[in-house]
Amino acid sequence: MSQKERLLEHFQNGNTITSLQAYDRLGVTQLATRIYELKQEGYPIESDRINVYNRYLEKCSVAKYYMGGK
């Protein structure tokens with residue numbers, strides 16, 4: 001199964017994902033590229049910005065991706 005297929009299955013199961021989660025859970029190292037490919041194939045992938053803390057306890061903003069409804 002390819003990275004894109006794993007990511008699509010993850011979304012189809014109703015899950016969201018961030019880049020760190022994509023690496024840890026699915027082995028996807030270039031999440032933005034896989035998201036772009038899925039969008040090019042017509043999948044309604046959307047994102048929201050969320051605030052998180054990094055390992056140095058600094059506040060950061062990251063994208064949380066999910067499959068929207070069309």
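Residues in the range 1-14 that are without any contact (Cβ under 8 Å) to a residue 12 or more places away in the chain and within 9 Å of the chain's Cα centre (by Cα): there are none.
Among the residues of this structure, Lys39 does not count as one that is surrounded by 10 or more Cβ atoms within 10 Å (Cβ to Cβ), in contact with a helix residue (DSSP H, G or I) (Cβ under 6 Å, 6 or more places away or on another chain) and assigned to a helix (DSSP H, G or I). Taken over the range 15-36, the criterion of being assigned to a loop (DSSP other than H, G, I, E, B) and in contact (Cβ under 8 Å) with a residue 40 or more places away in the chain is satisfied by Asn15, Thr16, Thr18. Across the range 48-70, the number of residues qualifying as of a type in the set (S, T, N, Q) and either touching a helix residue (DSSP H, G or I) at 6+ places or on another chain (Cβ under 8 Å) or in a loop (DSSP other than H, G, I, E, B) (or both) comes to 1. When the range 40-70 is filtered for residues that are in contact with a strand residue (DSSP E or B) (Cβ under 8 Å, 6 or more places away or on another chain) and within 19 Å of Met1 (Cα to Cα), only Tyr43 remains.
We did not get these values from a lab; they are worked out from the coordinates using the rules stated. Note that the coordinates shown come from a computational prediction; the quantities given were computed from them, not determined experimentally. All Cβ positions, even for glycine, are placed from backbone atoms using ideal geometry, and neighbour counts span all protein chains on display.
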